[in-house]
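Chemist: One structure, as structure tokens, below. Some questions next.
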Amino acid sequence: MRAHNFGAGPCTLPVEVLEEARAEFLDFGGTGMSILEMSHRSPEYERVHTEAMALAREVGEAPDDFEVLFVQGGATLQFALVALNLLHPGERGGYVVSGSWGARALEDASPHGDVYAAWSGQPSNYTTMPAAGEVEVDGATRYLHVTSNETIGGIRMVDFPRTGIPLVGDMSSDYLSRPIDWDLFDLIYGGVQKNLAPAGLAVVYVRRRALDRARSDLGSYLRYSWHAESNSLGNTPPMFPIYLMGKVLARMQAAGGVKALEKHAAEKAGRLYQIIDDSEGFYRNPVHPLVRSHMNVVFRLPDASLESLFLKEAEARRMIGLKGHRSVGGCRASLYAALPMESVEVLAEFMGEFARNHRAL
Ligand SMILES: Cc1ncc(COP(=O)(O)O)c(C=O)c1O
């Protein structure tokens, strides 16, 4: 029996994709080799690569003037690459600091360019997102960086700031789970290990115009333009995550694309928020209701000993990965794209039962 995997990433993948990969594992397409052993210059791999790239464009509904790049180093490398590539002397990067990841993006960019916090949710302990007009950008700002979903705080951006400055978005933890308003963005990036594939890869969408004016005085791997010109085959790419991502994206497309994924995500998260809100304060979620994450549902129980008992009993029923991030504690249920509604039902029922058994009488 498969575990109900509520881990924050890496996380659950569609079992059908794992089965397909198992069937092909020793002999990919009659080559007598595993995909793990194959040259990245072979026609078989090139087909896999090109298809995955086309699907990333189609499922993301990315317009033609965006390039799709596959880059190793996860989302963390992108924190630095964004500033390195996009900021010329005299230009600034503004950051919406909506949680731990927004803060990390700003911190990691700071050795590479003139960056500043254009809004911070720290005063509210990262429980709200900026309201219209609250983000303050100055005239030298080249881009405004946002985090569409804060994985640790369980908060998502619903209204993206419209300041006239192009946005750069870290969408790691809700990648392709909702339609993207491409007009607002010059660049979108995300690690794939939550909604799309196993770890080892970031997918970057970058507007061609932004590429044309990006810095060119960088080592090859650090230059977005190098990845674009080489079709992300300038060096040996992370072939296995790309191969699996292609399969996941094909399933997403067949299931109705981002609109269907968005609906599915809202239903899964809604089920748990309902349990939290109906629990008469037994479970508490600190996030403003309008910006609660559809991917990471965070909640506290009345005290630490009940939290550890909850986690222990959940694990005994094969619900794993429910512990909150070590920096904030509590519990967190991550509901990434491949997590089935049945797993959410199992958790919802357990939460209801646990609350009934332990609520002070
Ligand atoms: C929103 C967000 N950004 C960035 C990262 C860092 O990603 P990576 O581990 O791919 O570097 C994470 C990881 O959980 C994340 O959730």
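Chemist: Please report the relative contact order for the chain, taking Cα pairs under 8 Å with a sequence separation of at least 6, and give it as a percent rounded to a whole number. Write out the running numbers ahead of the final one.
Modeler: Values: 672 pairs, mean separation 81.0, N = 361.
Reported as a whole number, the value is 22 percent.
Chemist: Of all accessible surface on the stretch 248-306 at a 1.4 Å probe, what whole percent is carbon and sulfur?
Modeler: 55 percent
Chemist: Using amide H atoms built in the peptide plane, which far-off residues or other-chain residues are under 5 Å from residue 162 H to H?
Modeler: The answer is 133.
Chemist: Apply the a/c threshold of 1.5 to the C-alpha gyration tensor of the stretch 266-348 and tell me whether it is rounded, prolate or oblate.
Modeler: It is rounded, given that a/c, with a ≥ b ≥ c, falls under 1.5.
Chemist: When only Cα pairs under 8 Å and 6 or more residues apart are kept, what is the percent relative contact order across the stretch 4-114?
Modeler: Relative contact order comes out at 15 percent.
Chemist: At a threshold of 8 angstrom on Cα-Cα distance, excluding pairs fewer than six apart, so keeping six or more, what relative contact order does the stretch 253-309 reach in percent?
Modeler: 31 percent
Chemist: Apply the Karplus parameterisation 6.51 cos²θ - 1.76 cosθ + 1.60, with θ equal to phi minus 60°, to every residue of the stretch 6-22 and state each ³J(HN,Hα) to the nearest whole Hz, in sequence, with x for glycine and proline.
Modeler: 9, x, 7, x, x, 8, 5, 10, x, 4, 5, 5, 5, 5, 4, 5, 5
Chemist: Now for a separate question. Show the residues, 5+ positions off or on another chain, whose built amide H is closer than 5 Å to the amide H of residue 114.
Modeler: 93
Chemist: May I pose another question? Compute the distance from the alpha-carbon center of the stretch 78-104 to that of the stretch 1-39, in whole Å.
Modeler: First find each Cα centre; the distance between them is then 35 Å.
Chemist: Quick one: what does P(r) look like for the stretch 103-160 with 5 Å bins over all Cα pairs, in whole %?
Modeler: Pair shares across the bins are 4, 15, 29, 27, 17, 8, 0.
Chemist: Quick one: accessible area per residue over the chain, 1.4 Å probe, rounded to a whole number of Å²? If you can, show how the numbers build up before the last one.
Modeler: Numbers: 15510 Å² over 361 residues.
Result: 43 Å² of accessible area for each residue.
Chemist: State the extension gain, in nm to one decimal, for the chain segment bounded by residue 18 and residue 136, taking 0.36 nm per residue of separation less the distance between their alpha-carbons. Walk me through the intermediate numbers first.
Modeler: Numbers: separation 118, 0.36 × 118 = 42.48 nm, distance 4.58 nm.
Full extension from residue 18 to residue 136 adds 37.9 nm.
Chemist: In sequence order, what are the phi-derived ³J(HN,Hα) couplings for the stretch 246-258 according to the Karplus relation 6.51 cos²θ - 1.76 cosθ + 1.60 with θ = phi - 60°, rounded to whole Hz, with x for glycine and proline?
Modeler: Each residue of the stretch 246-258 in turn: x, 5, 5, 5, 4, 5, 4, 5, 5, 7, x, x, 4 Hz.
Chemist: Now for a different question. Would you calculate a helix-derived [θ] at 222 nm for the chain, using -39,500 (n - 2.57) for each DSSP H run of n ≥ 4 and dividing by the full residue count, to the nearest 500? Don't skip to the end; give the middle numbers.
Modeler: Working: 10 runs with 130 residues, N = 361.
Result for the chain, helices only: -11500 deg cm²/dmol.
Chemist: Express the carbon and sulfur contribution to the solvent-accessible surface of the stretch 100-160 as a percent, rounded to the nearest whole number, probe 1.4 angstrom.
Modeler: 48 percent
Chemist: So what's the projected area for the chain, the Cα convex hull averaged over all directions, in nm²?
Modeler: The orientation-averaged projected area of the Cα hull of the chain comes to 18.5 nm².
Chemist: Which percent, nearest 5, of DSSP beta bridges in the chain are antiparallel?
Modeler: Antiparallel: roughly 50 percent of the beta bridges in the chain.
Chemist: Based on alpha-carbon centroids, what's the gap between the stretch 239-281 and the stretch 344-361 in Å, whole number please?
Modeler: 23 Å
Chemist: If you don't mind, another one. Residues with amide H under 5 Å of residue 324's amide H, sequence separation 5 or more or different chain, H placed in the peptide plane at 1.01 Å from N; which?
Modeler: 330, 331, 332
Chemist: Across the stretch 264-276, in residue order, what do the Karplus-derived ³J(HN,Hα) couplings come to in whole Hz, using 6.51 cos²θ - 1.76 cosθ + 1.60 with θ = phi - 60° and x for Gly and Pro?
Modeler: Going residue by residue, I get 4, 5, 5, 5, 5, 5, x, 4, 6, 4, 4, 4, 4 Hz, with x marking Gly and Pro.
Chemist: A further question on this structure: Please report, as a whole percent, how much of the solvent-accessible surface of the stretch 39-99 comes from carbon and sulfur atoms (probe radius 1.4 Å).
Modeler: 53 percent
Chemist: Using the charge dipole of the stretch 80-211 (Lys, Arg: +1 at Cβ; Asp, Glu: -1 at Cβ; taken about the Cα centre), state which of 202, 164, 129 has its Cα farthest towards the positive end.
Modeler: 202
The values are calculated or read from the model by the stated rules, or taken from the named source; none is laboratory data. None of these values were measured; they are calculated from a predicted model. A quick note on method: Cβ atoms are made from the backbone with ideal geometry, for glycine too, and the neighbour counts reach across all protein chains shown. Surface accessibility is based on the protein's heavy atoms, side chains included, excluding ligands, DNA and RNA. Shrake-Rupley method; radii C 1.70, N 1.55, O 1.52, S 1.80 Å.
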